[in-house]
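Just below is one structure, and these are the notes that go with it.
The values are calculated or read from the model by the stated rules, or taken from the named source; none is laboratory data. None of the values given here were measured: they were computed from a predicted structure. All Cβ positions, glycine included, derive from the backbone under ideal geometry; neighbour counts span all protein chains shown.
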Amino acid sequence: NFERMGQQQHLATIGQIAASIAHDIRNPLTSIQGFIQLIEKNEQKNEQSNSYHNYFQIIRSEITRIDTLLREVLMLSKSHTADSDSWSIIHLDGLLERLVLLMDPDALKSNIQIRLHLNHAPVVRGSEDKLQQVFMNLLRNAIEAISENGRIDIILKETDGLAIIHFQDTGSGIDETSQDHLFTPFFTTKGEGTGLGLSICQSIIKAYDGEIKVRNLPEKGAEFTVILPI
Ligand code: ADP
Ligand code: MG
């Protein structure tokens, strides 16, 4: 009986998630459909409208939205398995250095400086792809929270058999009402957000027996901390 109840609850959760995904796909689909109808109408009237360019741009970006959502949903469904086949030895300092190189152009566009503080060089075991995914999500969120002009400090430390990575930003910080929901799938305060980034991060880090914590900084902005066993 108990087990049945668990399964029912599980189904209810899947139902909620499915409804949320369906909703997030339907919105861009509706807008794609609308713009295609507009183009069709113009074609019938033989009006070669010069705003086609804008229509196509919107259609393309709506398709990208669906694609991003589906990619993240698939990622979330795979993230809870610590698939030890693809495990390797990961030097966190090197991984973070490569990541900053990768994200720097995006950050600099918004006048955001990323500073890397490599105080130690801890080594962990896991999938490099998945860890990179975690750090990239945290950096993206930090850039989005700052929006324009600011700084991100990434601090790598090692203590008592644990690797600790702090991501500190000078962004908006987290308001009290959001604090308890950050890691809930589909929770987002952004118009264009999927709300899956932090869920994916937490799910991956948990699979490595690690932990992810968040707090507001006393000065300004937020700090996300990833703790991983070495
Ligand atoms: P998304 O980025 O699609 O909104 P996430 O799961 O990555 O989804 O983040 C969930 C929410 O957590 C964000 O919408 C935002 O409100 C909050 N958040 C995440 N990172 C930060 C940060 N560095 N500073 C302030 N708020 C943040
Ligand atoms: Mg995000």
Original post:
Pick from segment 126-150 the residues that are over 21 Å from Ser199 (Cα atoms) and surrounded by fewer than 17 Cβ atoms within 10 Å (Cβ to Cβ): which of them is nearest to ligand 2 (Cβ to nearest atom)?
Top reply: Ser147
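Any residue at all in segment 198-205 that's more than 13 Å from the chain's Cα centre (by Cα) and either near ligand 1 (Cβ under 6 Å from one of its atoms) or hydroxyl-bearing (Ser, Thr, Tyr) (or both)?
No: zero hits.
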Original post:
Name the pairs: first residue in segment 172-183 and free of Cβ contacts under 8 Å to residues at least 12 places away in the same chain, second residue of a type outside the set (Gly, Ala, Ser) and within 6 Å of ligand 1 (Cβ to nearest atom), Cβ to Cβ under 7 Å, at least 6 apart or on different chains?
Top reply: Ser178/Thr189; His181/Phe187
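Starting from residues that are in a helix (DSSP H, G or I) and away from ligand 2 (no atom under 15 Å from the Cβ), keep the ones in segment 165-204 and report whichever is nearest to Asp129 (Cα to Cα).
Residues of segment 165-204 in a helix (DSSP H, G or I): 176-179, 197-204.
Pick out the ones that are also away from ligand 2 (no atom under 15 Å from the Cβ) and you get 176-177, 179.
On the way: Glu176: 32, Thr177: 32, Gln179: 28 Å.
Out of the qualifying residues, it is Gln179.
Restricting the search to segment 103-130, which residues are away from ligand 1 (no atom under 16 Å from the Cβ) and either on the phi > 0 side of the Ramachandran plot or touching a Leu at 6+ places or on another chain (Cβ under 9 Å) (or both)? Please lay out each step first, then the result.
Of all residues in segment 103-130, those away from ligand 1 (no atom under 16 Å from the Cβ) come to 104-105, 108-109, 111, 116-129.
Listed by number, the residues that qualify are Asn111, Leu116, His117, Leu118, Asn119, His120, Ala121, Pro122, Val123, Val124, Gly126, Glu128.
Listed here are the residues, each with its yes/no results for (1) of a type outside the set (Val, Ile, Thr); (2) at pLDDT below 90; (3) within 6 Å of ligand 1 (Cβ to nearest atom).
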{"site": "Thr170", "(1), (2), (3)": "no, no, no"}
{"site": "Asp175", "(1), (2), (3)": "yes, no, no"}
{"site": "Ser178", "(1), (2), (3)": "yes, no, yes"}
{"site": "His181", "(1), (2), (3)": "yes, no, no"}
{"site": "Pro229", "(1), (2), (3)": "yes, no, no"}
Subject >> Near pairs, Cβ below 9 angstrom, 6+ apart or cross-chain, from segment 144-159 (of a type in the set (Asp, Glu)) to any residue that is within 16 Å of ligand 2 (Cβ to nearest atom) and part of a loop (DSSP other than H, G, I, E, B) >> reply: Glu144/Gly171; Glu144/Lys190; Glu144/Gly193; Glu148/Ser110
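What are the residues in segment 111-153 that are of a type outside the set (A, V, I, L, M), more than 16 Å from Glu97 (Cβ to Cβ) and outside any loop (DSSP other than H, G, I, E, B), if any?
Taking segment 111-153 and keeping what is of a type outside the set (A, V, I, L, M), we get 111, 113, 115, 117, 119-120, 122, 125-130, 132-133, 135, 137, 140-141, 144, 147-151, 153.
From what's left, more than 16 Å from Glu97 (Cβ to Cβ): 111, 125-127, 129-130, 133, 137, 140-141, 144, 147-151.
Within segment 111-153, Arg125, Gly126, Asp129, Lys130, Gln133, Asn137, Arg140, Asn141, Glu144, Gly150, Arg151 meet the criteria.
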